[in-house]
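A.B. asks: Dumping the structure here so I can ask a few things about it.
The values are calculated or read from the model by the stated rules, or taken from the named source; none is laboratory data. Quantities reported herein were computed from a predicted structural model and do not represent experimental measurements. Quick reminder, even Gly has a Cβ in these numbers, built from the backbone with ideal geometry, and neighbours come from all protein chains shown. The protein model used for the area step is the full one, side chains on, heavy atoms only, and it has no ligands, DNA or RNA in it. Shrake-Rupley method; radii C 1.70, N 1.55, O 1.52, S 1.80 Å.
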Amino acid sequence: MNLSKFYLKHVLAMFLIVNFTFFSFDALSISNDDQQNIPQSVEVAKKKNPGDLPYAFFYKSQGRLLEYMPVEPRTIDFSNRISFNGLGKQERDDYFPSNWGVAIVSDSVDVVVPMTRGGYFVLPDLPQARQENAKLLFNTTSQKGSLKTAWILRYRDNTLSYTDFARSFDEVKQIQEKIKWYELKFKDEKKSSFDSLKACFLEAGGDILLDDVPAKTSKLGRCVRLEFAPELVKSNPRLKFVGALEIVTLANTKE
């Protein structure tokens with residue numbers, strides 16, 4: 001989800017306001033006594049994160065994507081993910097601060113949002129926060145104006161059928177077909193493509209089996225990637241996740 005397009009229509013209005021401000025500024029004056037009272041330096045307790053976001057905008061965007069989800073029963077669920085800035089793949093997968101990771105803050109609201117390791121979360125419905133133009137704050141440096149979208153795979157008893165694995169790609173395509181061409185904030189969601197899954201375990205050493213046989217995977221830290229093989233759909237082997245599993249998401253091996 002991207003916020004940058006949302007602001008384009010406001011550029012002209014802002015230009016007029018700025019020019020009016022410069023035109024009026026010469027009429028202002030500051031006395032010598034006032035000048036002496038102006039602090040020469042300001043101690044900043046916390047750097048502002050340029051990636052802090054307007055909660056109302058992204059809550060509404062989340063709601064729209066949830067409306068586009070396939071009907072039940074389905075194989076995928078929606079999640080936001082922090083748009084990390086300056087972290088490698090393994091650092092992003094391992095991100096889990098000791099105190100808080102995502103928070104919604106306004107004049108009267110201060111709520112920490114539950115987050116899965118790796119920066120995955122769903123925004124709660126907080127009407128008061130929307131009325132007060134709350135900010136969505138991250139306890140890490142994040143990209144300006146954007147949130148990532150993740151598609152989480154459902155599994156049961158640490159297993160997943162290959163047909164459900166295949167079906168998850170079709171369900172994402174259904175969502176992409178529902179996204180209107182003019183919904184530019186969902187440009188990434190509409191154009192994204194997936195060719196694999198990523199299973200992240202609580203600890204390193206997890207693995208994926210196909211009908212009890214070790215699958216051909218790639219590993220990075222706690223996470224294991226399995227590339228989709230269309231020729232296996234007909235035989236429908238069972239995927240078994242070996243280890244304490246934390247989250248399974250659709251992935252792209254090129255990313």
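A.B. asks: For the stretch 94-233, which whole-number percentage of the solvent-accessible area (1.4 Å probe, protein heavy atoms only) is attributable to carbon and sulfur atoms?
C.D. replies: Result for the stretch 94-233: 51 percent of the exposed heavy-atom area is carbon or sulfur.
A.B. asks: If you put +1 on each Lys and Arg Cβ and -1 on each Asp and Glu Cβ, how big is the dipole of the stretch 117-255 around its Cα centre, in Debye rounded to 20?
C.D. replies: Dipole size: approximately 440 debye.
A.B. asks: I would also like to ask the following. Keeping all protein chains in place, calculate the accessible area per residue for the stretch 61-146 (probe 1.4 angstrom), answer in Å².
C.D. replies: Per residue, the stretch 61-146 has 49 Å² of solvent-accessible surface.
A.B. asks: In the stretch 66-118, if the dipole is taken from +1 on Lys/Arg beta carbons and -1 on Asp/Glu beta carbons about the Cα centre, which of Gly88, Val112, Ile76 is farthest to the positive end?
C.D. replies: Highest projection toward the positive end goes to Gly88.
A.B. asks: Now for a separate question. Tally Lys and Arg at +1 and Asp and Glu at -1 over the other residues with C-beta under 10 Å from the C-beta of Glu203: what net charge comes out?
C.D. replies: 0
A.B. asks: Right, something else. Considering only C-alpha atoms, what is the centroid distance from the stretch 201-253 to the stretch 130-197, in Å?
C.D. replies: 20
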